[in-house]
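Participant: The following block contains the structure, expressed as structure tokens.
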Amino acid sequence: MARRKWGKSWRLNGRPEAPPIAAIAKVKNAIRLVAVDGFGRKSGLRIDQTLSDARALFPDLEVFEQDRDGDGALLATIAAWCDRYTPLVALETLKGDIVGGCPGLFLDISGCAHLFGGEDVMADDVVSRLRAGGFMAKVAIADTPGAAWANARYGNKQIIAPQAHKAVLLDLPLVSLRLDTATLDLLRKLGLRTIGCIADLPRAPLAARFGNGLLQRLDQALGREEEAISPRVPVAELSSERIFADPIVSQDDIERTIGQLADNLRQRFDERQVGARRLELKLFRVDGHVVSIQVRSASPVYHADRIIMLFRERIAGFHDDLDAGFGFDLLRLNIMESQVRQSEQADFAGGNGPGEAFASLVDKLGARLGTDRVHRFVAADTHIPERTFGLVAEASAHGADTAQAALWRRQDPADRVNGPAVVTRPVILFQRPEPVEAIAEVPDGPPIRFRWRRTLYRIARSEGPERIACEWWRDGRGGHSRDYFRVEDDHGYRFWIFRQGLFERETANPHWFMHGVFA
């Protein structure tokens with residue numbers, strides 16, 4: 001609310017003269033304060049106070065309804081911004097009646113702090129940047145998530161030295177263990193108020209009296225039990241980033257940086273003999289906004305120019321300029337999914353291997369139009385003509401059905417070595433056979449004339465039949481066999497028609513259908 005009223009930089013400019021601000025919600029059948037700004041807390045307001053008591057202290061108190069969905073969306077936006085420090089960012093979820101205020105963020109900075117000059121420099125950078133954006137943040141770095149959570153809310157240390165978290169936790173209140181209200185009330189009645197009061201007590205009586213939840217939280221905070229955090233997004237297989245002292249704005253600079261980041265990953269690609277299938281580009285704007293662009297490739301890519309082309313086409317598909325604002329000060333290229341690449345020999349002229357131009361075209365279309373809009377045919381395990389193929393997204397299905405791809409390649413006349421191919425299937429195959437009225441000399445023979453789409457055709461030549469049995473496991477007992485004929489009328493038009501149902505064996509009245517045309 002303060003950022004909305006006074007702008008994002010209000011903390012840097014100083015708080016204007018105004019009454020306190022608080023968020024309210026209905027709690028325990030009463031309207032209570034669920035969040036209070038810093039000025040209100042210093043003036044005597046507190047969380048869980050009824051609105052009537054707060055109005056008695058400040059008649060001009062400014063309140064607004066709590067928006068949990070909006071708070072969650074804002075926290076997710078801040079979490080995306082925190083990706084600039086580490087890819088392992090987790091959203092805290094407060095389960096049940098947990099005391100401890102609003103949820104926060106967990107950042108696993110193992111192996112990342114030295115990139116920013118150390119833990120103290122990183123912590124100060126987080127706080128200062130959030131303050132510039134209008135947020136008040138408190139940061140704590142510790143060996144365990146529980147110790148960091150406790151010290152961020154109820155302690156006064158920003159960084160706890162390794163193996164020193166136990167000594168720091170002993171003086172903190174029990175509420176810092178993320179316990180529910182009922183457990184805390186019972187502990188207070190027994191005179192237990194700090195973590196040090198229970199840290200060395202016998203465990204069996206504690207478990208019998210308060211349940212295993214108390215011991216679990218204690219062990220997690222002290223490091224006796226490991227507590228895993230779940231990152232909000234999958235961790236990239238490979239990643240490369242660049243930080244700019246002077247933010248960049250132009251698309252040419254962005255593409256040049258993408259090429260440099262791709263070159264940085266080339267050695268890793270070659271070591272693993274893989275290429276990228278799904279890539280993500282994250283652009284961190286100086287005002288805290290994060291732009292995430294994802295692309296997919298039709299085949300494993302590892303050349304910088306191909307990667308640049310993918311993102312260039314994807315940005316062009318936005319039909320709008322990339323909003324750089326005051327510039328991007330950090331760019332990160334993530335490889336979210338990779339695949340073993342096939343070795344292809346270049347031609348004698350030094351050109352690309354076979355299929356490279358086609359893969360590049362598919363990548364361009366997929367990046368510009370969307371990968372779900374670029375399809376290709378795949379073979380199906382059936383002998384019913386209209387079921388022998390299907391359409392799948394080219395980028396998402398590539399490499400998953402190499403056997404089917406090989407099957408289609410074998411149908412290419414250029415791959416045959418035993419002479420020219422005999423065309424036995426029509427050029428145009430209808431998705432659904434169309435009924436025709438046909439007359440044959442004998443019940444099992446080819447038609448001599450037929451009427452299709454209100455036009456009468458007289459047969460001059462015919463070949464067949466080619467019998468295709470029904471798929472009883474799919475069509476059931478009511479399925480009938482088909483006798484296909486390749487026929488040519490007296491004007492030279494060629495058709496592919498079939499009679500459904502064997503005369504006197506499957507049906508007494510077979511039906512004729514048109515399934516395709518040859519020319």
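Participant: I'd like to know which of G317, A228, S299 lies farthest towards the positive end of the charge dipole of the stretch 166-322, counting +1 on Cβ of Lys and Arg and -1 on Cβ of Asp and Glu.
Facilitator: A228
Participant: With only Lys, Arg, Asp and Glu charged, each at its Cβ (+1 for the first two, -1 for the last two), find how big the charge dipole of the chain is about the Cα centre; round to the nearest 20 debye.
Facilitator: 1220 debye
Participant: Of V436, G476, G464, which is farthest along the charge dipole of the stretch 432-519 in the positive direction, counting Lys and Arg as +1 and Asp and Glu as -1 at C-beta?
Facilitator: Going by the charge dipole, the pick is V436.
Participant: Using a 1.4 angstrom probe on the protein heavy atoms only, could you order R373, R453 from most to least accessible area?
Facilitator: The ordering from most to least exposed comes out as R373, R453.
Participant: Antiparallel versus total DSSP beta bridges in the chain: what percent is that, nearest 5?
Facilitator: 95 percent
Participant: Give me the extension gain from E386 to C197: residue separation times 0.36 nm, minus the current Cα-Cα distance, reported in nm with one decimal.
Facilitator: Numbers: separation 189, 0.36 × 189 = 68.04 nm, distance 7.59 nm.
Length gained, E386 through C197: 60.5 nm.
Participant: Hey, what's the chain come to in accessible area per residue, 1.4 Å probe, Å²?
Facilitator: Accessible area per residue, the chain: 57 Å².
Participant: So if R0 is 60 Å, what FRET efficiency would S9 and R451 give, r being the distance between their Cβ atoms, rounded to the nearest 0.05?
Facilitator: 0.15
Participant: Sorted by accessible area with a 1.4 angstrom probe, largest first, how do S338, S239 fall?
Facilitator: Largest to smallest exposure gives the sequence S239, S338.
Participant: Moving to a separate point now. Excluding Y457 itself, what net charge comes from residues whose Cβ is under 9 Å from its Cβ, given Lys and Arg +1 and Asp and Glu -1?
Facilitator: So the surrounding residues net to +1.
Participant: Report the calculated FRET efficiency for R41 and F377 (r = Cβ-Cβ distance, R0 = 56 Å), to the nearest 0.05.
Facilitator: Working: r = 66 Å, r/R0 = 1.18.
Efficiency computed from Cβ-Cβ geometry: 0.25.
Participant: Give the accessible area for L107 in Å² (nearest 10); use a 1.4 Å probe, count only protein heavy atoms, and leave out ligands, DNA and RNA.
Facilitator: Roll a 1.4 Å probe over it and L107 shows about 60 Å².
Participant: Of K26/K138; K26/K166; K28/K166, which sit over 32 Å apart, Cα to Cα? Walk me through the numbers on the way to the answer.
Facilitator: Numbers: K26/K138 27 Å; K26/K166 38 Å; K28/K166 36 Å.
The answer is K26/K166; K28/K166.
Participant: Given the stretch 186-304 reduced to its alpha-carbon atoms as identical point scatterers, what log10 I(q)/I(0) does the Debye formula return at q = 0.10, 0.13 Å⁻¹?
Facilitator: Cα-only, vacuum Debye calculation for the stretch 186-304: -0.59, -0.69.
Participant: Restricting attention to the stretch 462-519, which chymotrypsin sites (Phe, Trp or Tyr not before Pro) occupy a DSSP loop and are surrounded by at most 13 other Cβ atoms within 10 Å?
Facilitator: For chymotrypsin sites (Phe, Trp or Tyr not before Pro) across the stretch 462-519 that sit outside H, G, I, E and B with at most 13 neighbouring Cβ atoms in 10 Å, the list reads Y493.
Participant: Related question: Taking +1 at the Cβ of each Lys and Arg and -1 at the Cβ of each Asp and Glu, which of P87, G155, A137 sits farthest along the dipole of the chain towards its positive end, judged by Cα position relative to the Cα centre?
Facilitator: Positive-most Cα among the choices belongs to G155.
Participant: Normalised by the number of residues in the stretch 451-516, what is the relative contact order in percent for Cα pairs under 8 Å and 6+ residues apart?
Facilitator: Relative contact order here is 26 percent.
Participant: Whenever you get a sec, compute what percent of the accessible area on the chain sits on carbon and sulfur atoms (1.4 Å probe).
Facilitator: Carbon and sulfur: 51 percent of the exposed surface of the chain.
Participant: Something else about it: Pop the C-beta distance of L322 and V27 into the FRET formula with R0 = 45 Å and round what comes out to the nearest 0.05.
Facilitator: Efficiency at R0 = 45 Å is approximately 0.50.
Participant: Could you grab the relative contact order for the chain? Cα pairs under 8 Å, six or more apart, rounded to a whole percent.
Facilitator: The value is 8 percent.
Participant: Consider the candidate values (1) 22.3, 71; (2) 35.0, 105; (3) 25.7, 87; state which one is Rg and Dmax of the Cα atoms in Å computed from the structure displayed.
Facilitator: The listed entry that was calculated here is (2).
Participant: Scan the chain and report its longest stretch carrying no GluC sites (Glu not before Pro) that are both in a DSSP loop and have at most 14 other Cβ atoms within 10 Å.
Facilitator: It runs 18-224.
Participant: Determine the calculated [θ] at 222 nm for the chain from helices alone, applying -39500 (n - 2.57) to every DSSP H run no shorter than 4 residues and normalising by the residue count; nearest 500 deg cm²/dmol.
Facilitator: Calculated from helices alone, the mean residue ellipticity at 222 nm is -9000 deg cm²/dmol.
Participant: Here's a follow-up. If the only charges are +1 at each Lys and Arg Cβ and -1 at each Asp and Glu Cβ, what is the size of the charge dipole of the stretch 13-145 around the Cα centre, to the nearest 20 debye?
Facilitator: 380 debye
The values are calculated or read from the model by the stated rules, or taken from the named source; none is laboratory data. Quantities reported herein were computed from a predicted structural model and do not represent experimental measurements. Note that we place each Cβ from the backbone using ideal geometry, even for glycine, and neighbour counts take in every protein chain shown. For the accessible areas, the whole protein counts, side chains as well, though only heavy atoms, and no ligand, DNA or RNA atoms are used. Shrake-Rupley method; radii C 1.70, N 1.55, O 1.52, S 1.80 Å.
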